[in-house]
Amino acid sequence: MIIVLLEKTQNGSVSHEMINKHAKMTQQVVEKLLQTLQNAGLIYVNHSNIEVDTLRRLRLATRALSLGADIERVSSFLQWQEFETMAALALEQNRYEVIQNLRFKHKGRRWEIDVVGCTKSMILCIDCKHWHHALSLSVLKKIAEEQTQRAKALAESLPNPAFKQINNYLEGSKIIPMALFLMDSNFKFYENVPIVPILQIQDFLNQLPAYADRLTHFVTPKSSTK
């Protein structure tokens, strides 16, 4: 049922009729399961339509994985933008100023960071990975190293008049690289770069101030003006 919902809600709400057609279950069973999912806050049933926003779709995906669904199949029904949107919403709810798809040049090279979250003492550089496979150490190493390079390039390019939002936080803030994934991993850090499951981002943000100094980071320059 969850797989069908993920597949059919990729472009928005879906009708009961569509779910009944593709779920390959009796209508009675379909209605019971939909009610269970709605009671759990995973879907919203609006008359004859079923509505699932980005957060609910990510929760559905995580629930499917916890029930043993294949990660490649689940991930194939999610769009990479959904990860970015979820990260941005979580940051905004925690009073970060958010920039999505930050592009800049540094040392003759073009760089892009999926999501940047700025607050008084920290600037988070987030790489949102729509990853279809379990994380091996070699893959994790590459992801962490590349995101560290992006964070370093951003730090070295500051202050930059093009980054008006970031320039408001140039008082020795820590620029911290991190990677965001759909599924949990055996690895929580690689060389002090956080590896965060998307649905645990709130817990990560809550705990971050306590151990930010121990994470890989680069310090922004002091602002020359007040």
- Query: Among the residues of region 125-136, is any basic (Lys, Arg), modelled with pLDDT under 85 and under 30 Å from Ser75 (Cβ atoms)?
  - Reply: yes
- Got at least one residue in region 121-132 being out of contact with any strand residue (DSSP E or B) (no Cβ under 6 Å at 6 or more places or on another chain), touching a residue at least 60 places away in the same chain (Cβ under 8 Å) and surrounded by 20 or more Cβ atoms within 10 Å (Cβ to Cβ)? no
- Message: Restricting to region 73-113, and then to whatever is of a type in the set (D, E, K, R) and within 17 Å of Leu199 (Cβ to Cβ), can you tell me which residue is nearest to the chain's Cα centre (by Cα)?
- Response: Glu84
- Task: Quick one: which residue in Phe181, Phe189, Phe204, Phe218 is under 21 Å from Glu84 (Cα atoms), touching a helix residue (DSSP H, G or I) at 6+ places or on another chain (Cβ under 8 Å) and among the aromatic types (Phe, Trp, Tyr)?
- Result: Phe181
- Message: Looking only at region 39-56, how many residues end up being surrounded by 14 or more Cβ atoms within 10 Å (Cβ to Cβ) and either assigned to a helix (DSSP H, G or I) or touching a helix residue (DSSP H, G or I) at 6+ places or on another chain (Cβ under 7 Å) (or both)?
- Response: 9
- Message: Among the residues of region 146-187, what is the count of those that are free of Cβ contacts under 8 Å to residues at least 12 places away in the same chain and either among the polar types (S, T, N, Q) or surrounded by 15 or more Cβ atoms within 10 Å (Cβ to Cβ) (or both)?
- Response: 1
- Message: Here is a check on your reading of the model: is Arg63 in a helix (DSSP H, G or I), closer than 22 Å to Asp184 by Cβ, modelled with pLDDT of 90 or more and not hydrophobic (A, V, I, L, M, F, W, C)?
- Response: no
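Report, by residue number, each residue of region 114-173 that is assigned to a loop (DSSP other than H, G, I, E, B) and in contact with a Pro (Cβ under 9 Å, 6 or more places away or on another chain).
Listed by number, the residues that qualify are Ser121, Leu158, Pro159, Leu170, Gly172.
The values are calculated or read from the model by the stated rules, or taken from the named source; none is laboratory data. Here the structure is a predicted model, which means the values were calculated and not measured. When we count neighbours, we look across all protein chains shown, and the Cβ atoms used for this are built from the backbone with ideal geometry, even at glycine.
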